[in-house]
1. Hey, among the residues in the stretch 249-271 that are outside any loop (DSSP other than H, G, I, E, B) and not charged (D, E, K, R), which one's farthest from ALA111 (Cα to Cα)?
2. Condition first: of a type in the set (A, V, I, L, M, F, W, C), surrounded by fewer than 20 Cβ atoms within 10 Å (Cβ to Cβ) and part of a helix (DSSP H, G or I). Can you find one or more residues in the stretch 131-153 that meet it?
3. Since ARG115 meets every condition but one in (1) in the same structural domain as ASP211 (by TED's automatic domain parsing); (2) within 26 Å of VAL289 (Cβ to Cβ), which condition does it not meet?
4. Restricting the stretch 94-121 to residues that are assigned to a loop (DSSP other than H, G, I, E, B) and modelled with pLDDT of 95 or more, which is surrounded by the fewest Cβ atoms within 10 Å (Cβ to Cβ)?
5. Please state which of the following conditions ALA168 fails to meet, knowing it meets all the rest: (1) out of contact with any Phe, Trp or Tyr (no Cβ under 9 Å at 6 or more places or on another chain); (2) touching a residue at least 12 places away in the same chain (Cβ under 8 Å); (3) not in a strand (DSSP E or B).
6. So if I check each of VAL156, VAL173, VAL139, which one is touching a helix residue (DSSP H, G or I) at 6+ places or on another chain (Cβ under 7 Å) and within 24 Å of GLU209 (Cα to Cα)?
7. Return yes or no: is ALA36 modelled with pLDDT of 95 or more, over 14 Å from ALA306 (Cβ atoms), among the small types (Gly, Ala, Ser) and assigned to a helix (DSSP H, G or I)?
8. Of all residues being touching a residue at least 12 places away in the same chain (Cβ under 8 Å) and within 30 Å of GLU25 (Cβ to Cβ) in the stretch 256-289, which is surrounded by the most Cβ atoms within 10 Å (Cβ to Cβ)? Just the residue, please.
Amino acid sequence: MAKVLILKPLHEAGLSLLTARSDVELIRIDAPTPEAILDVIADIDVICIKNTPLTIEMLEKARALRAVSKHGVGLDNLPMASLSARGIPVATVGDANAGSVAEHALMLMLALSRRVMHYDARARAGGYINDPDWPTHEVAGKRLLLIGVGRIGGRVARLAQAFGMEVAAFDPVADAAALADLGIAREADLMAALGRADIVSLHCPLTPETDGLMNAERLAAMKSGAFLVNTARGELIDEAALLEALPDRGGRLGGAGLDVFAVEPPQPENPLFASPYILASPHSAALTVETGLRMARITAENALAALDGTLDARLIANHKEIR
């Protein structure tokens, strides 16, 4: 009998597909620790995993492992080079969460541009007059720079264009024809592109090359008053440098909308939370009800397809990139 290990709870939409198979034994660890995983991993055929780290030590012990089914698309918690070396496929949920994350990114852009948090507080305090110290802006006619144009970035582009925004992108691996079809201007020089954008939105994977991508130098290159949005991975931004780039520290930026942080779950003592120019959410961009159902179902379907030898090649990630 094949064994499937489920790390962290899986929604019933996916769990029911797995429990319906009489030839599959489920091992569930709702609160996974390295010790608990190592105790059971030796004879596991497929792992269903969210953001729990899968270490080299675990992989070395998992001699029966045939596939990993990722509840998401990010690969930074997986030893992809080692998995690839052993020929173990990693299946993702494809574009199941792309629409939800794209909507969230646009929501952050709109909320920052209209200073939603500030004016919500004013309304609750009994005021309605526009605050000259907190000017609001339309997004129509503004230039949006996407750093990374994969499944999510492409959807953000279409949403932004519907609001009348001009969209450009910096993505060295993106297909030029695909960008042209989306009506996206391709930028070859990131520093120059940052200086022309009213909003910068990050949609690239976390790799050694992108770790700390938005450092002090690149933040300083951004246009005065511009907004930074991150719904990808927290480590893409040097948070200390971002703090210094905000207006309350004398910096140039207009503010930042962050769904992800270098330390997660986000900690209350994070100094960014003391700034009124930060709009935050707790890595929840993909956590709509609809997306949760889709991701659970596809995670389970991928696990079963791996056991049956019918895994969709379009959902198999490589260790270099999946966005």
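1. If we take residues in the stretch 249-271 being outside any loop (DSSP other than H, G, I, E, B) and not charged (D, E, K, R), then PRO271 is farthest from ALA111 (Cα to Cα).
2. no
3. All conditions are met except number (2).
4. The residue in question is ARG114.
5. Failed condition: (3).
6. The unique qualifying residue is VAL156.
7. It is true that ALA36 is modelled with pLDDT of 95 or more, over 14 Å from ALA306 (Cβ atoms), among the small types (Gly, Ala, Ser) and assigned to a helix (DSSP H, G or I).
8. So, considering only residues that are touching a residue at least 12 places away in the same chain (Cβ under 8 Å) and within 30 Å of GLU25 (Cβ to Cβ), the one surrounded by the most Cβ atoms within 10 Å (Cβ to Cβ) is ALA286.
The values are calculated or read from the model by the stated rules, or taken from the named source; none is laboratory data. Given the structure is predicted, the values throughout are model-derived calculations rather than measurements. Ideal geometry is used to build each Cβ from the backbone, glycine not excepted, and the neighbour counts take in all protein chains shown.
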